[in-house]
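Q: I am attaching a structure below and will ask some questions about it afterwards.
The values are calculated or read from the model by the stated rules, or taken from the named source; none is laboratory data. Note that the structure is predicted; figures quoted are calculated from it, not measured. Using ideal geometry, Cβ is built from the backbone for each residue, glycine included, and neighbour counts are taken over all protein chains shown.
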Amino acid sequence: MARNRTYNKRNVLIVFIIVVIAATGLFVRLGYLMTFKSEDYAARAEALHERERVIKAERGSIFDTNGVEIATNKPVCTISVIHAQITDPEHVISVLSELLGISEEKVRKRVEKVSSIEKIKSNVDKEIADKVREYDLDGVMVDEDYKRFYPYSSLASKVIGFTGSDNQGIIGLEVEYDKYLKGTDGKILTLTTAYGKEIANAAEDREEPIPGNDLYTSLDVNIQKYAEQAALKIKESKDANNVKLIVMNPQNGEIYAMVNAPEFDLNNPYQLIDDIAADYAGVPLSSEKLNELLNGMWRNACISDTYEPGSAFKIITAAAALEEGVVKLDDTFYCPGYKKVEDRIIRCHKTTGHGSETFVEGIKNSCNPVFMEIGARVGVEKMYYYYNKLGLFRKTGIDLPGEANSIMHKIEDVKAVELATMSFGQSFQITPLQLLASASAVVNGGTLVTPHVGVQIRSSDGTWIKALDYPVTKNVISAATSETMKQLLEAVVSEGTGKRAYLPGFHIGGKTATSEKLPRSSNKYISSFVGFAPANNPQVIAVVLIDEPTGVYYGGTIAAPIISELFDNILPYLGIEKSYTESEVKEYNIGSFTVPDFIGKTRKEVKELLKIYDFGDTFPSGEGDVVTEQFPLVGETVDKDSNLILYYGE
């Protein structure tokens with residue numbers, strides 16, 4: 001009996017101890033939760049009764065060099081539904097389906113989905129969103145948003161790029177500078193019941209969005225327009241596959257224009273352009289094929305496609321030879337129309353040959369045998385040394401995505417035949433931009449610049465944030481070689497194969513090229529021309545490539561005039577004035593003289609004066625037999641005073 005009482009007491013004690021330990025543990029846990037985790041659980045509890053809605057940040061604008069907006073935003077709205085707040089789902093489904101142009105089936109899936117908030121459609125025009133608001137539908141949210149808008153539609157489309165439905169950059173500058181442009185979204189926090197219904201008259205927490213920063217570029221809308229017009233004109237007239245044209249400042253690498261004709265509509269980037277759509281008219285396209293066509297349409301071939309540069313590359317070969325001192329301007333060569341290299345006969349473009357010619361004449365004639373000879377004099381190792389210095393083994397570093405690199409022989413694989421063909425721009429491939437960057441170094445005094453579009457970042461209120469810097473490499477060739485090359489390339493235009501690029505007074509330098517595409521038997525060509533002005537101090541350089549022109553395909557015949565037409569428009573626009581040589585003054589009758597006062601003279605008296613001053617066939621305006629208005633005879637409008645200075649011959 002005593003033993004049982006002792007046993008019971010012991011059990012009670014054990015139970016008591018267990019209860020005390022458990023209670024102590026609970027109190028400790030409760031104290032921990034109340035003291036150390038109170039904020040966390042309070043936040044969790046609050047989150048159960050808060051609904052978050054995003055306020056989209058306005059994306060930063062993109063400007064050209066003159067402050068013209070080339071990418072901006074259009075106010076739109078996002079329509080969403082909150083399942084717990086919908087009181088008449090059938091009415092909501094009917095209204096949203098009709099106004100938003102979405103099938104009732106799709107709207108129903110979102111309306112009936114049990115979630116805190118469900119997006120129905122984004123990028124809704126404000127006019128339509130306002131109509132949705134007018135219905136005052138329970139559970140339907142209309143939030144302000146922004147849609148990217150491009151005022152110039154297709155202008156520089158493959159450079160500017162576009163954004164997706166979430167306003168994130170997809171291609172071009174839009175993706176390259178996305179981190180600056182995108183901004184920071186805000187949000188609205190709304191209090192709700194445990195069942196998801198908003199609490200009436202409850203205060204909202206609101207975090208305002210921070211707009212993205214603006215990007216200022218070197219692109220010039222006017223120069224881009226001139227360049228696109230010139231490119232489209234030759235594309236249509238020669239029925240070419242495409243035309244690529246880049247305009248750049250050779251002194252600092254700022255790109256004024258970059259054309260990939262045909263361009264596409266930035267406001268409708270998923271719509272195939274006519275050139276592509278026509279080839280697939282009536283053909284059902286799989287999603288894979290459509291994506292392939294779209295990616296091709298968006299491709300910036302100026303930086304992403306490589307090609308054999310042909311004779312334009314003779315700029316590099318000549319500069320290397322002059323740097324190495326293996327050729328002098330008066331060195332003589334002989335061109336019989338070909339040159340035998342090992343067991344290969346490599347022909348000149350002039351199959352009958354140029355005969356005896358100096359180095360200067362060889363450049364003006366674009367003679368292949370001359371360049372094969374000087375390439376051999378330089379040698380493989382030194383030639384590759386200058387290729388490397390002029391940036392031809394690496395990407396230019398342009399601030400655009402998708403840049404390709406050159407395709408070159410390994411140096412150990414370059415034998416006599418390869419060196420000969422490389423000397424006049426065949427058997428390797430570079431991008432148009434790589435050629436433009438290396439040619440710029442040759443004519444700007446020897447500085448290898450980084451081609452670029454972005455110039456500076458500013459906040460949405462115009463406050464300066466940062467300048468965008470790009471690396472340069474000085475003295476890749478000597479100033480003396482650069483000076484000589486400028487003179488030689490000006491002679492190519494004034495007297496040689498590039499004469500169709502000649503403009504009196506503007507001193508244009510350049511080099512023509514006609515590259516046969518692979519396979520050689522295809523008889524397909526790329527016609528190109530590199531030109532710069534003024535030759536003595538280049539402020540602008542451009543390259544144009546015409547891919548597979550029909551009919552006449554020589555670069556000097558069809559590509560050089562494109563640069564001439566372009567420069568004729570943009571050089572005065574850039575403030576580059578004409579400066580005539582003495583020979584130009586004589587040949588084109590450039591000059592000035594005093595014109596007598598014709599006012600009040602009879603037509604007979606005017607005719608006599610015209611004979612004396614030899615004004616040609618131009619005749620003043622007048623009524624009856626008496627001249628009533630002074631007139632410019634040729635060219636510019638002149639002073640209306642009694643004696644005029646007449647500028648003529650342009």
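Q: For the stretch 557-650, list the helices (runs of 4 or more DSSP H) that sit wholly inside it and hold at least 2 residues that are surrounded by fewer than 17 Cβ atoms within 10 Å (Cβ to Cβ) and modelled with pLDDT under 85; which are they? Can you show your working first?
A: Numbers: elements: 560-573, 582-587, 603-613.
Of the helices (runs of 4 or more DSSP H) lying wholly inside the stretch 557-650, those with at least 2 residues that are surrounded by fewer than 17 Cβ atoms within 10 Å (Cβ to Cβ) and modelled with pLDDT under 85 span 582-587, 603-613.
Q: On to the next question. Tell me the residue from GLU361, GLU357 that is among the charged types (D, E, K, R) and not in a strand (DSSP E or B), please.
A: On the way: GLU357 fails: not in a strand (DSSP E or B).
Exactly one residue qualifies, and that residue is GLU361.
Q: Let me ask something additional. Would you point out which residue out of GLU483, GLU516 is more than 27 Å from TYR385 (Cβ to Cβ), among the acidic types (Asp, Glu) and assigned by TED's automatic domain parsing to the domain that holds SER438?
A: Working: GLU483 fails: more than 27 Å from TYR385 (Cβ to Cβ).
Exactly one residue qualifies, and that residue is GLU516.
Q: Next question, about the same structure. How about the stretch 501-531: which of its residues are surrounded by fewer than 20 Cβ atoms within 10 Å (Cβ to Cβ) and not hydroxyl-bearing (Ser, Thr, Tyr)?
A: LEU503, PRO504, GLY505, GLU516, LYS517, LEU518, PRO519, ARG520, ASN523, LYS524
Q: Please go through the stretch 300-324 and give me each residue that is in contact with a Lys or Arg (Cβ under 9 Å, 6 or more places away or on another chain) and under 16 Å from SER528 (Cα atoms), ordered by number.
A: Listed by number, the residues that qualify are ALA301, CYS302, ILE303, ASP305, TYR307, GLU308, SER311, ALA312, PHE313, LYS314, ILE315.
Q: Name every residue in the stretch 349-370 that is modelled with pLDDT under 95 and of a type in the set (A, V, I, L, M, F, W, C), in order of residue number.
A: Residues satisfying the conditions do not exist here.
Here is a yes/no grid of residues against (1) at pLDDT below 90; (2) over 30 Å from ALA559 (Cβ atoms); (3) surrounded by fewer than 21 Cβ atoms within 10 Å (Cβ to Cβ):
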{"residue": "SER153", "(1), (2), (3)": "no, no, yes"}
{"residue": "ALA156", "(1), (2), (3)": "no, no, no"}
{"residue": "ASP166", "(1), (2), (3)": "yes, yes, yes"}
{"residue": "ILE171", "(1), (2), (3)": "no, no, no"}
{"residue": "GLY183", "(1), (2), (3)": "no, yes, yes"}
{"residue": "ILE188", "(1), (2), (3)": "yes, yes, yes"}
{"residue": "ALA227", "(1), (2), (3)": "no, no, no"}
{"residue": "ALA230", "(1), (2), (3)": "no, no, no"}
{"residue": "LYS238", "(1), (2), (3)": "no, no, yes"}
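Q: Kindly state which helices (runs of 4 or more DSSP H) lie completely within the stretch 236-344 and contain at least 2 residues that are among the polar types (S, T, N, Q). Give the steps one after another, and end with the answer.
A: On the way: elements: 274-277, 287-298, 301-304, 314-324.
It comes to 287-298.
Q: Still on this model: Identify, please: which residue in the stretch 290-342 is free of Cβ contacts under 8 Å to residues at least 24 places away in the same chain and among the hydrophobic types (A, V, I, L, M, F, W, C) and is, among those, surrounded by the fewest Cβ atoms within 10 Å (Cβ to Cβ)?
A: LEU290
Q: In the stretch 59-94, what residues are buried (at least 16 other Cβ atoms within 10 Å of the Cβ), over 24 Å from GLY183 (Cβ atoms) and β-branched (Val, Ile, Thr)? Steps first, answer last, please.
A: Of the stretch 59-94, the ones buried (at least 16 other Cβ atoms within 10 Å of the Cβ) are 59-65, 69-73, 76-86, 89, 92-93.
Going one step further and asking which of them are over 24 Å from GLY183 (Cβ atoms), we end up with 81-86, 89, 92-93.
Those that are buried (at least 16 other Cβ atoms within 10 Å of the Cβ), over 24 Å from GLY183 (Cβ atoms) and β-branched (Val, Ile, Thr): VAL81, ILE82, ILE86, VAL92, ILE93.
Q: Could you please let me know if VAL540 is modelled with pLDDT of 95 or more, out of contact with any Cys (no Cβ under 6 Å at 6 or more places or on another chain) and closer than 24 Å to LEU392 by Cα?
A: On the way: modelled with pLDDT of 95 or more: yes; out of contact with any Cys (no Cβ under 6 Å at 6 or more places or on another chain): yes; closer than 24 Å to LEU392 by Cα: yes.
So VAL540 passes the test.
Q: Right, another one. Which residues, counting only those in the stretch 359-407, are on the phi > 0 side of the Ramachandran plot and surrounded by fewer than 19 Cβ atoms within 10 Å (Cβ to Cβ)?
A: GLY379, GLY397, GLY402
Q: In contact with a Lys or Arg (Cβ under 7 Å, 6 or more places away or on another chain) and surrounded by 20 or more Cβ atoms within 10 Å (Cβ to Cβ): is that true of ILE346 in this structure? Please lay out each step first, then the result.
A: Values: in contact with a Lys or Arg (Cβ under 7 Å, 6 or more places away or on another chain): yes; surrounded by 20 or more Cβ atoms within 10 Å (Cβ to Cβ): no.
No: the conditions fail for ILE346.
Q: On the basis of being at pLDDT 85 or above, of a type in the set (Asp, Glu) and touching a Gly at 6+ places or on another chain (Cβ under 8 Å), does GLU69 make the cut?
A: Values: at pLDDT 85 or above: yes; of a type in the set (Asp, Glu): yes; touching a Gly at 6+ places or on another chain (Cβ under 8 Å): no.
No: the conditions fail for GLU69.
Q: Next question. I'm trying to understand the selection: among the residues of the stretch 53-71, which are β-branched (Val, Ile, Thr) and not in a loop (DSSP other than H, G, I, E, B)?
A: In the first step, residues of the stretch 53-71 are kept if they are β-branched (Val, Ile, Thr); the result is 54-55, 62, 65, 68, 70.
VAL54, ILE55, ILE62, ILE70, listed by residue number.
Q: Any residue in the stretch 90-99 that is of a type outside the set (A, V, I, L, M, F, W, C), at pLDDT below 90 and farther than 30 Å from ASN249 by Cα?
A: Going through the stretch 90-99, the residues of a type outside the set (A, V, I, L, M, F, W, C) turn out to be 90-91, 94, 97-98.
In the following step, the residues that additionally are at pLDDT below 90 were identified as none.
Checked the stretch 90-99: no residue is of a type outside the set (A, V, I, L, M, F, W, C), at pLDDT below 90 and farther than 30 Å from ASN249 by Cα.
Q: Right, here's the next one. Could you go through the stretch 532-545 and let me know if any residue there is closer than 16 Å to LYS238 by Cβ, part of a strand (DSSP E or B) and under 26 Å from the mean Cα position of the chain (by Cα).
A: Here is the first cut: in the stretch 532-545, the residues closer than 16 Å to LYS238 by Cβ are 544-545.
Then drop every residue that is not part of a strand (DSSP E or B), which leaves 544-545.
Now restrict to residues that are under 26 Å from the mean Cα position of the chain (by Cα): 544-545.
So far as the stretch 532-545 goes, yes, one or more of its residues are closer than 16 Å to LYS238 by Cβ, part of a strand (DSSP E or B) and under 26 Å from the mean Cα position of the chain (by Cα).
Q: Taking VAL107 and the conditions (1) out of contact with any Ser or Thr (no Cβ under 6 Å at 6 or more places or on another chain); (2) outside any strand (DSSP E or B), which numbered condition does it fall short on, given that it satisfies the others?
A: (1)
Q: Can you tell me which of (1) in contact with a Leu (Cβ under 8 Å, 6 or more places away or on another chain); (2) free of Cβ contacts under 8 Å to residues at least 24 places away in the same chain is the one GLY454 doesn't meet?
A: GLY454 satisfies every listed condition except (2).
Q: Just for the stretch 130-151: of the residues that are of a type in the set (Asp, Glu) and buried (at least 16 other Cβ atoms within 10 Å of the Cβ), which one is farthest from LYS56 (Cα to Cα)?
A: Step one: filter the stretch 130-151 for residues of a type in the set (Asp, Glu), giving 130, 134, 136, 138, 143-145.
This time we only want the ones that are buried (at least 16 other Cβ atoms within 10 Å of the Cβ), so: 143, 145.
Numbers: ASP143: 9, ASP145: 6 Å.
Applying the filter and picking the extreme gives ASP143.
Q: Something else now. Go through the stretch 484-506 and report how many residues are assigned to a loop (DSSP other than H, G, I, E, B) and closer than 21 Å to GLY555 by Cα. Don't jump to the end; show me each part of the working.
A: Filtering the stretch 484-506 down to residues assigned to a loop (DSSP other than H, G, I, E, B) leaves 496-498, 502-506.
Filter once more, so that each one left must be closer than 21 Å to GLY555 by Cα: 496-498, 502-504, 506.
Within the stretch 484-506, residues that are assigned to a loop (DSSP other than H, G, I, E, B) and closer than 21 Å to GLY555 by Cα number 7.
Q: Pick out the one residue from SER103, SER116, SER157, SER122 that is closer than 30 Å to SER218 by Cβ and among the polar types (S, T, N, Q).
A: The conditions single out SER157.
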